[in-house]
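Only one structure is covered here, and it is reproduced in the block below.
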Amino acid sequence: MGGLSEVESIFELVYDLWMDDAQAYLDWADFYHRHVDDGRSVLELACGTGNVTQLIAPSTKHYVASDISLAMLKQAQQKVPQHVKLQQLDMRDFKLDASFDAIICAADSINFNQELSQLRQTMHCVAQHLKKGGFFVFDVHHPERLNMFKQAYIEVGQLNDLDYQYTLTSHGMMLVHEFHWYTGVYPQVESYQQRIFSEAELKVVFKPRHWELYVENENREPGFSFGEKWLICAKYKGGLTI
């Protein structure tokens, strides 16, 4: 996301193998369904290959699944229900001629906003397209993950007969994911950074006069509790000037 140019990415081709955690997707869908009624209109940001889309879309009346990557959208096309419209867009800068009952963004994709200002841009785009009383449902990494990965985590393995080395480490407020794909004599390197947002920063962006927040961790413990992630349902009260 974030206006990046289309580049040839091995990670996009093996995304589903790398993100092979069916229970995590089911848990995310459960969180959504506990807050949003069936039969709603939904816009999904950063849908990837459609793993969450195929769980949420069947209960909706209108569904737009979006991602900045055309390669991801092409894979999603093979999975999603027929009534889903796929669209390429950047979560930080988009304008559609529609408003939605719910907007969702799963798999810690919000953390690809590289600065607090970019998170505000995303939130403002969301507010422009969300009906009053609608819901913005998303998840973010817990800040403790910065401490967890001060010492790099390194994994070596194989996906589709492709050897790789994966490194996850933290630098400042960033989680840095680096892949080395061994496709020939020299590895192909791909690097992705995710900005970690604190509880205080999230509350500054989602001000109480405009948003009502419900937060829990992956163990369903309410509030900004310790864990690996925070799942957040932000109910839009309206009145946010753009």
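Is at least one residue of region 24-43 of a type in the set (A, V, I, L, M), farther than 28 Å from GLU228 by Cα and modelled with pLDDT of 95 or more?
no
Could you tell me which of the residues ALA102, ALA71, ALA29 is assigned to a helix (DSSP H, G or I), among the aliphatic types (A, V, I, L, M) and in contact (Cβ under 8 Å) with a residue 40 or more places away in the chain?
So the residue among ALA102, ALA71, ALA29 that is assigned to a helix (DSSP H, G or I), among the aliphatic types (A, V, I, L, M) and in contact (Cβ under 8 Å) with a residue 40 or more places away in the chain is ALA71.
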Inset, instruction - Give me the pairs, please: first residue somewhere in region 149-161 and outside the structural domain of VAL14 (by TED's automatic domain parsing), second residue anywhere and in a loop (DSSP other than H, G, I, E, B), beta-carbon distance under 9 Å, and either six or more positions apart or on two chains. - result: LEU159/VAL14; ASN160/VAL14
Inset, instruction - Pull up region 119-141, narrow it to residues that are of a type in the set (Val, Ile, Thr) and in contact with a strand residue (DSSP E or B) (Cβ under 7 Å, 6 or more places away or on another chain), then point me to the one that is surrounded by the fewest Cβ atoms within 10 Å (Cβ to Cβ). - result: VAL126
Inset, instruction - Within region 203-213, identify whether any single residue is surrounded by 13 or more Cβ atoms within 10 Å (Cβ to Cβ), among the aliphatic types (A, V, I, L, M) and touching a His at 6+ places or on another chain (Cβ under 6 Å), and answer yes or no. - result: no
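Is it fair to say ALA57 is more than 21 Å from ASP97 (Cα to Cα), among the small types (Gly, Ala, Ser) and outside the structural domain of GLN165 (by TED's automatic domain parsing)?
Details: more than 21 Å from ASP97 (Cα to Cα): no; among the small types (Gly, Ala, Ser): yes; outside the structural domain of GLN165 (by TED's automatic domain parsing): yes.
No, not satisfied.
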Inset, instruction - Among the residues of region 31-49, write down those that are under 20 Å from ASP20 (Cβ atoms) and of a type in the set (Gly, Ala, Ser). - result: ALA46, GLY48
Inset, instruction - Give the residues of region 81-106 that are within 24 Å of GLY238 (Cβ to Cβ) and among the β-branched types (Val, Ile, Thr), sorted by residue number. - result: ILE103, ILE104
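Within region 3-20, is even one residue at pLDDT below 95 and over 30 Å from GLY184 (Cα atoms)? Steps first, please.
Here is the first cut: in region 3-20, the ones at pLDDT below 95 are 3-20.
After this cut, where a residue has to be over 30 Å from GLY184 (Cα atoms) as well, the list is none.
The answer is no, given that none of the residues of region 3-20 is at pLDDT below 95 and over 30 Å from GLY184 (Cα atoms).
The values are calculated or read from the model by the stated rules, or taken from the named source; none is laboratory data. Since we're looking at a predicted model, the values are computed, not measured. In this analysis, Cβ positions are derived from the backbone assuming ideal geometry, glycine residues included, and neighbour counts consider all displayed protein chains.
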